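Chemist: Mind having a look at this structure? Questions to follow.
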Amino acid sequence: MDGGCETLKNFRKTFLLVFIITVLAFLPLTEQIQQVSLNASDELTAESVNQKADLSAQINEILSIEQLDGSIAGVSVRDAVTGEVLYDKNGDTRLHPASNMKLLTSTAALETLGKEYRFSTEVLTDGNQKGKVLHGNLYLKGKGDPTLLEKDLDQFAEDLKKQGIKKIKGDLIGDDTWYDDVRLSLDLNWSDEPYYTGAQVSALTLSPDTDYDAGTVIVEVLPADKEGEPAQVRMTPENEYITIVNKSKMVAADQSKDISIEREHGSNNIVIEGTMPIDGSASKSWSTVWEPTGYAVDVFKKSLEDEGIKFIGQSDTITASTPEKAKLLTSKHSMTLEELLVPFMKLSNNGHGEVLTKEMGKVVHGEGSWDKGIEVIEDTMTDLGVNPDTILLRDGSGMSHKNYIPANDLSQLLFAVQQKEWYPAFEYSLPVAGESERFTGGTLRSRMKEDPVKGNVLAKTGSLTSVSALSGYVHSQHGEKFIFSVMINNYLGSSGGIRDVEDRIATVLAKHEF
């Protein structure tokens, strides 16, 4: 018994000695492994720092050009996966975004209204049909649709004809009460409002073509046959709401063309002046309409007349609200918001930005106004991580010189929206660098036409007097996705060199290696 215990004790001592020797043998190896791990981590950290420094140096060099002297450039670059800020130059400085404001409006609309949202337009009556005569008023009720075309009004007229209506004993009434009656945003310059970029906003409006510049009419000036006589003028759509004042003059073929097309402030007189050579090319302009509600009603009346539907008695054409008990005769729904975002964002359609702003106010707060719509945009931005105390919003298009937002907030917005279900629709709406097709490349179709940026940079442009901006996404050579926002304010001279700065920064990111 004692011998067995002694043997067991000796075994335990031997085992313990072997164990201690083994542990001591592995300690240096463990330290080596830890050291290798630490060294690798240090090397990765150092490499990351060096890469950031290299990126910063390249962008800083771009921003050092003489043309930017006296201006302010705000630049923010983020890792699209982590959201980490990789570069920041005046990133927290509030700047005018110009049409980069549309990034806020479009994402707020997708979040608030949904990508399947549609606008509508209705035709109603407060009367009754007896035989072929409609005894009562006919209402054209707009609910904000910026895509309403003349052919849609033609379809309404055809629908009424199919219902057996040949005569209307009542008034033709345009109803634009879905929104308030404020036509222009607070800071729109009076000098901008004759042009399509400053169109008036009404809940009942009309677009002349599928660019959907609502509240505008296309005016074309073409050569006439003889010198000394006025040039020919064509309007699309044809209407009696607009008056053409033609002061143009035909000149010999060897003389230069100098044609201006401009609507007089406060009226619907469109004045055409200048010279048109006998063999000259057509001049074309999208001119805004003063009070677009009446414009839509006028074209609708023409559509009714073309279908043989006449107004009888003491009928008039006016604007008023539709009675609640009015009967719906026909209607039309617009394309979805997802589809509307393509002309809105790619062509930078200002009118769409303002309509969407009022529509969000109407849907969320029951008031189709800029104040209520902007309130919705601000609340949505807060939910997406944008600091509400750093921004000032005045419209939905970016035309205002009193909109302010820092570049870091724009890049934060572009980071946050990637997690949204509707993000693919938003990304698809962004202009694509170097792609020549208008509804693909949009406002970037003539920029960044070479690899590695062509087809790679998806970004919203922005341009106002002394303001240029570009914010969006780009992939590096190895597939890393970057978010960037570049806003340049207070520059003088040509915008070409300023846009080149934006394009060069996007190119640096496309060529960068991690």
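Chemist: Restricting attention to the stretch 113-144, report how many residues are part of a strand (DSSP E or B), closer than 14 Å to Phe311 by Cβ and within 41 Å of the chain's Cα centre (by Cα).
Modeler: Count: 4.
Chemist: Could you run through the stretch 75-113 and say how many residues are closer than 16 Å to Ser468 by Cα and among the polar types (S, T, N, Q)?
Modeler: Within the stretch 75-113, residues that are closer than 16 Å to Ser468 by Cα and among the polar types (S, T, N, Q) number 5.
Chemist: It is to be established whether one or more residues within the stretch 421-440 are closer than 24 Å to Ile72 by Cβ, open to solvent by 10 Å² or more (accessible area, probe 1.4 Å) and of a type in the set (A, V, I, L, M, F, W, C).
Modeler: no
Chemist: Can you say whether Ser331 is touching a Gly at 6+ places or on another chain (Cβ under 7 Å), at pLDDT 95 or above and either aromatic (Phe, Trp, Tyr) or open to solvent by 10 Å² or more (accessible area, probe 1.4 Å) (or both), as far as the supplied structure shows?
Modeler: No, not satisfied.
Chemist: Restricting the stretch 193-232 to residues that are among the β-branched types (Val, Ile, Thr) and closer than 22 Å to Phe300 by Cα, which is farthest from the chain's Cα centre (by Cα)?
Modeler: Ranking the candidates gives Val219 first.
Chemist: Anything in the stretch 444-464 that is assigned to a loop (DSSP other than H, G, I, E, B) and either more than 20 Å from the chain's Cα centre (by Cα) or crowded, with 24+ Cβ neighbours inside 10 Å (or both)? List them, or say none.
Modeler: So the first thing to find is which residues in the stretch 444-464 are assigned to a loop (DSSP other than H, G, I, E, B), and the list is 445-457.
Selection gives Met448, Lys449, Glu450, Asp451, Pro452, Val453, Lys454, Val457.
Chemist: Take Thr382 and tell me if it is of a type outside the set (Asp, Glu), surrounded by fewer than 17 Cβ atoms within 10 Å (Cβ to Cβ) and in a helix (DSSP H, G or I). Talk me through it step by step, then tell me what you get.
Modeler: Details: of a type outside the set (Asp, Glu): yes; surrounded by fewer than 17 Cβ atoms within 10 Å (Cβ to Cβ): yes; in a helix (DSSP H, G or I): yes.
Criteria met by Thr382.
Chemist: Failed condition for Ser397, given (1) open to solvent by less than 10 Å² (accessible area, probe 1.4 Å); (2) over 15 Å from Leu356 (Cβ atoms), with all others met?
Modeler: That leaves (2) as the condition not met.
Chemist: Limited to the stretch 94-112, what total is found for residues that are under 18 Å from the mean Cα position of the chain (by Cα) and open to solvent by 10 Å² or more (accessible area, probe 1.4 Å)?
Modeler: Residues that pass the stated criteria total 4.
Chemist: Would you point out the residue of the stretch 56-93, among those that are of a type in the set (D, E, K, R) and not in a loop (DSSP other than H, G, I, E, B), that is most open to solvent (accessible area, probe 1.4 Å)?
Modeler: Out of the qualifying residues, it is Glu66.
Chemist: Of the residues that sit in the stretch 113-137 and are farther than 20 Å from Leu204 by Cβ and among the polar types (S, T, N, Q), which one is surrounded by the fewest Cβ atoms within 10 Å (Cβ to Cβ)?
Modeler: The extreme case among them is Asn128.
The values are calculated or read from the model by the stated rules, or taken from the named source; none is laboratory data. Quantities reported herein were computed from a predicted structural model and do not represent experimental measurements. A quick note on method: Cβ atoms are made from the backbone with ideal geometry, for glycine too, and the neighbour counts reach across all protein chains shown. Please note that ligands, DNA and RNA were not included when accessible areas were found on the heavy atoms of the full protein model with its side chains. Shrake-Rupley method; radii C 1.70, N 1.55, O 1.52, S 1.80 Å.
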